[in-house]
Amino acid sequence: MARYVIGDVQGCCDSLEALVAQLPLRPTRDQLWFVGDLVNRGPKSLKTLRRIISAGSRAVCVLGNHDLHLLAIASGARRPAVTDTLASILRAPDSQDLIDWVRRRPLAHFDGDTLMIHAGVMPSWTVTQTVRVAGQISDRLRSRHWQDFMHEMTGATQRHPRDSADTHKRLRAALAVLTRLRYLDAQGQPEYKCKLAPEQAAGLTPWFDTRARQTAGTRIVFGHWSTLGLMVRPNVISLDTGCVWGRQLAAIRLEDQRVFLQPGVELHDEED
């Protein structure tokens, strides 16, 4: 079995289909991994979601911040932004089924030699700790109280029935790390505002370059960081190559780290 990991699609379904067409896939054996941000900002969020769902168990996805934004809107915890391209999903006749599929995706996937997340991990986290806290978040997203959890994670006062105030604080912080982290400041704290490339971010350290990182011995593949772009190291792979900004959509075959690239698309009106 080969595993092909695909970067942030963000509703660019034409680029996704063109990229998948050039992969030497064995239909019944190989997997497509997605680093999150399946939807939003690009023109065909609904079609993208349907395309990935149609792959069945061959598609392995983790949630990104834009996927969580979709859940927040669907739960009533957040209003749509002007730049969103999620309306087609929310008004689809099977919208609830689509939302349920999204909320059942994990926040981290580990298969023994590779950890896939959307954004980053804290230096002190081991792989086991990362998978554990991601699983705790996923349990709440998959529960019948998931709307309450989304309100809680986006700042409202509702509390998930299972969570104490301390648990709420811990899970909210972990969710931000897994889906939004790029840099740590000089005190080792997450810095979420800076989106610049590392050579332009004075005084900040990319999370994967922090000293004594407990996951350094495990290959990690992630997206989220379009200004970082494609980066392939033996144990760290970044795959957000800015497809939604008209650049490229990237994939990598984990078995030999062969990279595949497909030009991005120009933004245009959202699908009907």
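The values are calculated or read from the model by the stated rules, or taken from the named source; none is laboratory data. For clarity, every value in this text was computed on a predicted model and none was experimentally measured. Methodologically, a virtual Cβ is constructed for each residue, glycine included, from the backbone with ideal geometry; neighbour enumeration extends over all protein chains shown.
Here is a check on your reading of the model: is GLN136 free of Cβ contacts under 8 Å to residues at least 12 places away in the same chain and among the polar types (S, T, N, Q)?
No.
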Fill in the blank from the handout: Scanning the stretch 141-179 residue by residue, the ones that are over 22 Å from TRP101 (Cβ atoms), modelled with pLDDT of 80 or more and either outside any helix (DSSP H, G or I) or in contact with a Gly (Cβ under 8 Å, 6 or more places away or on another chain) (or both) total 1
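Search the stretch 74-85 for residues being β-branched (Val, Ile, Thr) and closer than 24 Å to ILE6 by Cβ, and hand back the single one that is surrounded by the fewest Cβ atoms within 10 Å (Cβ to Cβ).
Once the filter is applied, the top-ranked residue is THR83.
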Completion exercise
Residue hits (the stretch 96-109; assigned to a helix (DSSP H, G or I) and under 15 Å from HIS69 (Cα atoms)) are LEU98, ILE99, ASP100, TRP101, VAL102, ARG103
Problem - Single condition SER88 does not satisfy, out of (1) exposed (fewer than 14 other Cβ atoms within 10 Å of the Cβ); (2) in contact with an Asp or Glu (Cβ under 9 Å, 6 or more places away or on another chain) - result: (1)
Practice task
Can you tell me which residue within the stretch 248-270, out of those that are surrounded by 20 or more Cβ atoms within 10 Å (Cβ to Cβ) and in a loop (DSSP other than H, G, I, E, B), is modelled with the lowest pLDDT?
Solution key: VAL265
Problem - Looking only at the stretch 169-196, and only at residues there that are exposed (fewer than 13 other Cβ atoms within 10 Å of the Cβ) and more than 18 Å from the chain's Cα centre (by Cα), the one that is farthest from PHE149 (Cα to Cα) - result: ALA186
Problem - Selection from the stretch 35-51 of residues that are more than 10 Å from ILE89 (Cβ to Cβ), buried (at least 24 other Cβ atoms within 10 Å of the Cβ) and not small (Gly, Ala, Ser) - result: VAL35, ASP37, LEU38, LYS44
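Can you tell me how many residues in the stretch 38-55 are touching a strand residue (DSSP E or B) at 6+ places or on another chain (Cβ under 8 Å) and either modelled with pLDDT under 95 or of a type in the set (D, E, K, R) (or both)?
From the stretch 38-55, those touching a strand residue (DSSP E or B) at 6+ places or on another chain (Cβ under 8 Å) are 38, 52-53, 55; that's our starting set.
Remaining after also requiring either modelled with pLDDT under 95 or of a type in the set (D, E, K, R) (or both): none.
Counting residues in the stretch 38-55 that are touching a strand residue (DSSP E or B) at 6+ places or on another chain (Cβ under 8 Å) and either modelled with pLDDT under 95 or of a type in the set (D, E, K, R) (or both) gives 0.
Kindly establish whether GLY112 is free of Cβ contacts under 8 Å to residues at least 40 places away in the same chain and outside any helix (DSSP H, G or I). Spell out how you get there, then give the answer.
Numbers: free of Cβ contacts under 8 Å to residues at least 40 places away in the same chain: yes; outside any helix (DSSP H, G or I): yes.
Taking the combined requirement at face value, the residue satisfies it.
Look at the stretch 227-240 and say how many of its residues are in a loop (DSSP other than H, G, I, E, B) and either surrounded by fewer than 20 Cβ atoms within 10 Å (Cβ to Cβ) or at pLDDT below 95 (or both). So that I can check it myself, show each step before the final result.
Filtering the stretch 227-240 for residues in a loop (DSSP other than H, G, I, E, B) gives 227-230, 233-235, 239-240.
Pick out the ones that are also either surrounded by fewer than 20 Cβ atoms within 10 Å (Cβ to Cβ) or at pLDDT below 95 (or both) and you get 227, 229-230, 233-235.
Total meeting the criteria: 6.
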